Structures are given as C-alpha cells and as structure tokens.
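Heads up, the thing below is written out as structure tokens.
The values are calculated or read from the model by the stated rules, or taken from the named source; none is laboratory data. These numbers were taken from a predicted model, which means no experiment stands behind them. Cβ atoms come from the backbone with ideal geometry, glycine included; neighbour counts cover every protein chain shown. Heavy atoms of the whole protein, side chains included, go into the accessibility calculation; ligands, DNA and RNA do not. Shrake-Rupley method; radii C 1.70, N 1.55, O 1.52, S 1.80 Å.
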Amino acid sequence: MSASRSGRRRTGSVALGDLLQREASAERAALGCGERPSVAAGQACRAKKGEDFALLKPACERRPGAPSTSFSAFALFDGHNGSAAAVYAKEHLLGNVLSCVPTDLAWDDWLAALPRALVAGFVKTDKDFQTKAHSSGTTVTLAIIDGSVVTVASVGDSRCVLEAEGSIYYLSADHRFDANEEEVGRVTECGGEVGRLNVVGGAEIGPLRCWPGGLCLSRSIGDQDVGEFIIPVPYVKQIKLSNAGGRLIISSDGVWDALTAEMAFKCARGLPPEAAAEQIVKEAVEAKGLRDDTTCIVIDIISPEKPKRTIQSQRSPRKGLVLLKNFFLRKTASDSLSLPDKDNYPEPDLEEVFEDGCPSLSRRLNSEYPVRDMFKLFACAICQIDLESGQGISIHEGLSRPGKLRPWDGPFLCHSCQEKKEAMEGKRHSRDSSSRNSGSSES
C-alpha cells in the first residue's frame, strides 16, 4: 500500500469516533468501579555499547491528582553514535506528547487526539534535541495503554509485538532502508543518497544506508549530521483489546535480529513479565551472541474479569494459527514484514481504531472533524506556542494540489517549526557530513 493510502480504513473497520463514543460510557463506568485492566511490566537488558534505554511508567496521569485520567506508558530508545539522543528522548518525549493534548478532554476525546499528539511530540522532541548540537540518534517505540486501548508510535527498527487471543500482531513498523522501497524513494527525492558502503575495487557491501552519514534507518529522532530527510514522523497504530487482555513485547533489534516474534513469546510463556524479559534476552544472546545492546520490555494487560496470573499461561497460540501480521492485514509503506494471506486465517477478536504511517507532516497534522476542533487553532501544531494574528503559517502553504484547502486554513506552524517541516521535505538543505567512502553511522 502506498504512503498516500496508509491512513485509509479497510472495509469493515470501525470509525474512530463511533468506536470511542460507543465505548466511552462503559469505560467511564469501569473507571468508577475500579474495573480497568491492570498492567504488569518488566524489563531486561544486556549491554554492549550502553546506548539502549527503557521507560516504564505504569501509573501516569494526564491531569495530576485526577485518577480518572490515568494511563500507562512504556518506551524503548535504541541509540546510535552515542547515547545523547536516547537519553534526551527518554527524558522529554512523553512530556512533549502530553503537552500537545488539551488537558480538559474526556476519555474518548483524549484517545482520539492521541495519534496527532504523538506526531507533534515526536517532531518537537527531534527539533529541540537538534538545538543541542548532538550528532547521535535513536529509534523510539512508545506504547501508551489506557484501559483496553493500546496506542503505539514508532520510528526506527525496534518493534512492538502483541499476542492476544492466540494470535500475534505487529503494532510497529520497521524503517530500515532494506525493508522499505518507498522510504528509499522519499529520501532520494529529498536530496539524500541511498546505497551500500563502497570498498576498495568498487564493491558494495552491507545494508542500504543513507549518505552522507551512513545511517541504515529512514526515520529516527536526532541524526542531524545525516540529514533532515531522516524524519521523526512516527508510524502510529491504535487498537482496542478484547476482554481477554494480551501481552506486549517491545524489544530492540538485538532481540529481533536473533528471534522471531513467535520464538520470543514461546520461550517466555508462563513467566511473569520480569522473568519473561530476562528469558527473551537470554535466548537472543545465546542465539547470536552479544553483538549489540539487547533490551526487552514485557507488558501484560490483564482483564479485571480474570485472576491476576501470567497472561501467557492462560492460552497458548493455536497450532498453525499464529498470525505474524500487521493489524491492517496488508503491507503498508512503513511496514517491512512479510505477511501471510489474510484469507487463510480468521479475523481476530480485536478492534482496529487507527493506523497511519504516512511521512507527510501536513497530512498527519491535518486532523478531520471532530479531532480538529479538540486542538487550539491559533497555536503552533508542533511546539504549542501561542500565535498572534499574522504569525502562523498554514501547514497547507505551498501544496502543489491544495484542493479545497486554503493558505489561511489551519492548523498553523510557527516560523521555526515551518523551517523544520521544509527541511524534512527536502526544501531546505541540511549540513553535509561524511561520504559513502569514509565510514558510516551505526543504526
């Protein structure tokens, strides 16, 4: 599926507003009775370079002192060229995302606004970090769990995988150049060069990389020395679990280069989250050796209707029906996975709410009604500073095919964020770095 279509809903999916409005009253009743699904999490890491960092916050509140606004957040940051970008993103990303969401939203409105806020928060974090003049970068996989709704945003090649109802689903995307021809085309059109490392004699070796810089990834936070066509716009997926709950695994490529998702879930079945994470890391290191930082976070989402025992001990995947597939049941512009034929498998007992991996910042910030009206019109859609009359620049300005959109239609950006947007689109040159023949960054 092309990038321009990645945000469309497949036939039979539930509209975002309809789904969340339908569930809002039931969820609020559950909140009042203390019947929200519980969350248990654990992590493990074997360090090679010390550039992986994890964030585990099982108890957060959108409004301090308001338990009804509670949610959980878990994230993995796999740094490269040093740890500065990973450390900065761990400290600031979640706060930047929350700053993009109005604090007075009801539960259903907050979840509807979250995908747009994630895009703005990722871009703000990248923009702010680059003012620190650091050259390092990081992958990010962030999962926000609120009740039975799971929202995942990702850039890079760390992955978030879900097992629920005996099936396995990918909730993130792989942004390696080797896995994504459309991202290769986007970066090339924006002025980057994508190719393999040249060695003596003209031979090309190793994975596809972006030059200058030599990064293997098309999306990350940081990496200003590579070029701003390496964008921080995340792939976002939002789903609603059934009452059976589920188990999430978020791991860096140190795990996924050694284990398949099925292997990871199988080796940790029956174990509580902390022990499960340790077992997955152990299996990965034994399989491939400690070639890279190897980090794993395991999160169990436990239905209030079930006893608090390990999710994995309740039901094993049905033999022959383990589905290694993306939730849309089709290959997107930002999904590198080889997916099975959907006609050979039953539909899962999960509800698809939202999915978008489009790299266009203009499209990702241009929310439709009613989400559009949840955000302040005269504030920068990324950094949230208030804009006085005449200060804002419409995200639609300069579109070659604006359709019904007009330059004075919002959302708006401040001048600084507009420059960031233009750089990401290849309309403003970034600083140069090393050539294909002089070394490379590590992804």
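Selection of the stretch 274-302 for residues being in contact with a Ser or Thr (Cβ under 8 Å, 6 or more places away or on another chain), part of a helix (DSSP H, G or I) and open to solvent by 10 Å² or more (accessible area, probe 1.4 Å) yields only 285. Residue pairs whose Cβ atoms lie under 8 Å apart, sitting 6 or more positions apart in sequence or on different chains, and linking a residue in the stretch 252-265 that is more than 11 Å from residue 289 (Cα to Cα) and open to solvent by 10 Å² or more (accessible area, probe 1.4 Å) to a partner that is aliphatic (A, V, I, L, M) and part of a loop (DSSP other than H, G, I, E, B), are 260/324; 262/322; 262/324. Scanning the stretch 245-273 for residues that are small (Gly, Ala, Ser) and in a loop (DSSP other than H, G, I, E, B) gives 245, 252, 258, 268, 270. Here is the figure for the stretch 87-117: residues that are open to solvent by 10 Å² or more (accessible area, probe 1.4 Å), assigned to a helix (DSSP H, G or I) and of a type in the set (Val, Ile, Thr) total 1. Of the residues making up the stretch 180-219, those that are hydrophobic (A, V, I, L, M, F, W, C) and either modelled with pLDDT of 90 or more or in contact with a helix residue (DSSP H, G or I) (Cβ under 7 Å, 6 or more places away or on another chain) (or both) are 184, 187, 194, 208, 210, 215, 216, 217. Close contacts from the stretch 62-81, counting a first residue that is in a helix (DSSP H, G or I) and a second that is of a type in the set (S, T, N, Q) and buried (at least 18 other Cβ atoms within 10 Å of the Cβ), with Cβ to Cβ under 6 Å and a gap of 6+ residues or different chains, come to none at all. Residues that are closer than 23 Å to residue 70 by Cβ, open to solvent by 10 Å² or more (accessible area, probe 1.4 Å), of a type outside the set (S, T, N, Q) and assigned by the TED database to the domain that holds residue 75 are absent from the stretch 150-157. Flag set for residue 239, criterion: surrounded by fewer than 24 Cβ atoms within 10 Å (Cβ to Cβ), under 17 Å from the mean Cα position of the chain (by Cα) and either assigned by the TED database to the domain that holds residue 134 or at pLDDT 85 or above (or both). Restricting attention to the stretch 118-149, the residues that are farther than 18 Å from residue 71 by Cβ and open to solvent by 10 Å² or more (accessible area, probe 1.4 Å) total 9.
Close contacts from the stretch 32-61, counting a first residue that is assigned by the TED database to the domain that holds residue 136 and among the β-branched types (Val, Ile, Thr) and a second that is open to solvent by 70 Å² or more (accessible area, probe 1.4 Å) and outside any loop (DSSP other than H, G, I, E, B), with Cβ to Cβ under 6 Å and a gap of 6+ residues or different chains, come to 39/58.
Within the stretch 367-400, being without any contact (Cβ under 8 Å) to a residue 40 or more places away in the chain, outside any loop (DSSP other than H, G, I, E, B) and closer than 20 Å to residue 97 by Cβ holds for 372, 373, 379, 380, 386. Does the stretch 161-218 hold any residues that are assigned to a strand (DSSP E or B), outside the structural domain of residue 299 (by the TED database), out of contact with any Phe, Trp or Tyr (no Cβ under 8 Å at 6 or more places or on another chain) and open to solvent by less than 30 Å² (accessible area, probe 1.4 Å), and which are they? Of everything in the stretch 161-218, those that are assigned to a strand (DSSP E or B), outside the structural domain of residue 299 (by the TED database), out of contact with any Phe, Trp or Tyr (no Cβ under 8 Å at 6 or more places or on another chain) and open to solvent by less than 30 Å² (accessible area, probe 1.4 Å) turn out to be 211, 215.
The set of residues in the stretch 29-70 that are modelled with pLDDT of 95 or more, open to solvent by 70 Å² or more (accessible area, probe 1.4 Å) and closer than 30 Å to residue 214 by Cα contains only 46. Checking the stretch 71-79 against the condition returns no match, with no residue being modelled with pLDDT of 60 or more, of a type outside the set (Lys, Arg) and open to solvent by 20 Å² or more (accessible area, probe 1.4 Å).
For residue 143, the test of being within 30 Å of residue 109 (Cα to Cα), among the aliphatic types (A, V, I, L, M) and in contact with a Phe, Trp or Tyr (Cβ under 6 Å, 6 or more places away or on another chain) is passed.
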